[in-house]
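Written out below as structure tokens is the structure these notes cover.
Just so it is clear, none of the values below were taken in a lab; they were calculated from the coordinates. As the structure is a prediction and not an experimental result, all values here were calculated from the model. Glycine also receives a Cβ, built like all others from the backbone with ideal geometry; neighbour counts cover every protein chain displayed.
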């Protein structure tokens, strides 16, 4: 299989490295507007250079492409690639608008081409473990889903903190819960004055007393990557910055023995043990590449498919509408 990689900025070389490591990839063709980046990657890996992305898209010897370019270019490049017979792996978020995302998905279905979005965290072992915990019923019915992704920088020129960071967290939530949210509220602030929020809080309501909350921040003095899921039976904490114990499961909670205790607010607190399961440290991006290639071969289904890409775009557009309305409730 021959692969084209369009864009060799921050993430592009990682894509190249993982394609290069796959035994079924014969040749990799790359291009970037900055030729110095191309030369740097060429010196590290056995790849070929193309002058521009049209040469990659129009080359009949190339079976699939990875698009690792700015968000506003995803739609046009992906559409042109599929129309030229290529399978597509596109960086997150999938497109600039929900309408574009839907059009790309429908095109992939009509042309019978694989369309995957690089929501890398869906392939990480901690997230897979959390989904298994939830699906098995070990956590019980959920009370809340709380996510924090904060650090100092990196400020983006064409996107706010939600479009930069939330695609990770929205895709994780959609994958674990597999539920359609009912409504959304977003609040944010722009301290730099460039028209893009650098701090944001997103509140998502699923009904049945289940809420999800997201804190996204470029102005934090500390870096935090933490997810807490609280259920009626157990609670789980996923700390992505932890090296040894990324997930901790707490046998903690509250109990009401009868309706009379509920009326009197007599709460019994259950304090049990803490368990940290063993987590495989395999590189998630390698699993993305493997799933992409196997999906092309027809031996697997794409996990981060166009449907998940559309649902993430639906939430991103809703947050934008809510921000414009100063926290207006957006019904989904």
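For the stretch 90-196, what percent of Cα pairs sit more than 25 Å apart?
Summing the P(r) tail past 25 Å for the stretch 90-196 gives 36 percent.
Report, to the nearest 10°, how far helix 98-111 tilts away from the longest principal axis of the Cα atoms in the chain, using its own Cα long axis and a range of 0 to 90°.
Rounded to the nearest ten degrees, it is 60.
Between residue 1 and residue 155, with labels modelled 7 Å along Cα→Cβ, what's the label distance in nm to one decimal, could you check?
Taking the simple label geometry, residue 1 and residue 155 are separated by 4.1 nm.
For the Cα atoms of the chain, what angle does the longest principal axis make with the long axis of helix 306-324, in degrees from 0 to 90, nearest 10?
70 degrees
What per residue convex hull volume, in Å³, comes out for the stretch 137-258 when only alpha-carbon positions are used? Can you show the working numbers first?
Details: hull volume 15.9 nm³, N = 122.
Spread over its residues, the Cα hull of the stretch 137-258 gives 130 Å³ apiece.
Give the calculated FRET efficiency between residue 72 and residue 35 to the nearest 0.05, with a Förster radius of 25 Å applied to their Cβ-Cβ distance. Walk me through the numbers on the way to the answer.
Numbers: r = 22 Å, r/R0 = 0.87.
For R0 = 25 Å, the calculated efficiency reads 0.70.
Give me the percent of Cα-Cα pairs in the chain that sit more than 37 Å apart, rounded to a whole number. Write down the numbers at each step before the final one.
Values: 12079 of 54946 pairs.
Of all Cα-Cα distances in the chain, 22 percent exceed 37 Å.
Can you give the FRET efficiency for residue 80 and residue 248, using 1/(1 + (r/R0)^6), R0 = 51 Å, r = Cβ-Cβ distance, to the nearest 0.05?
E(calc), rounded to 0.05, equals 0.65.
For the stretch 2-113, how big is the tail of P(r) above 25 Å, as a whole percent of Cα pairs?
Tail of the P(r) past 25 Å holds 16 percent of the pairs.
So what is the orientation-averaged projected area of the stretch 192-332, using the convex hull of its C-alpha atoms, in nm²?
14.0 nm²
What does the helix-only formula give at 222 nm for the chain: each DSSP H stretch with n ≥ 4 adding -39500 (n - 2.57), the total divided by the residues, and the result rounded to the nearest 500 deg cm²/dmol?
Values: 10 runs with 120 residues, N = 332.
Only helices count here, giving -11000 deg cm²/dmol.
What FRET efficiency comes out for residue 55 versus residue 268 if R0 is 56 angstrom and r is the Cβ-Cβ distance? Round to the nearest 0.05.
Using R0 = 56 Å, I get an efficiency of 0.25.
Quick one: helix 35-44 against the long Cα principal axis of the chain, what's the angle to the nearest 10°, folded into 0 to 90?
80 degrees
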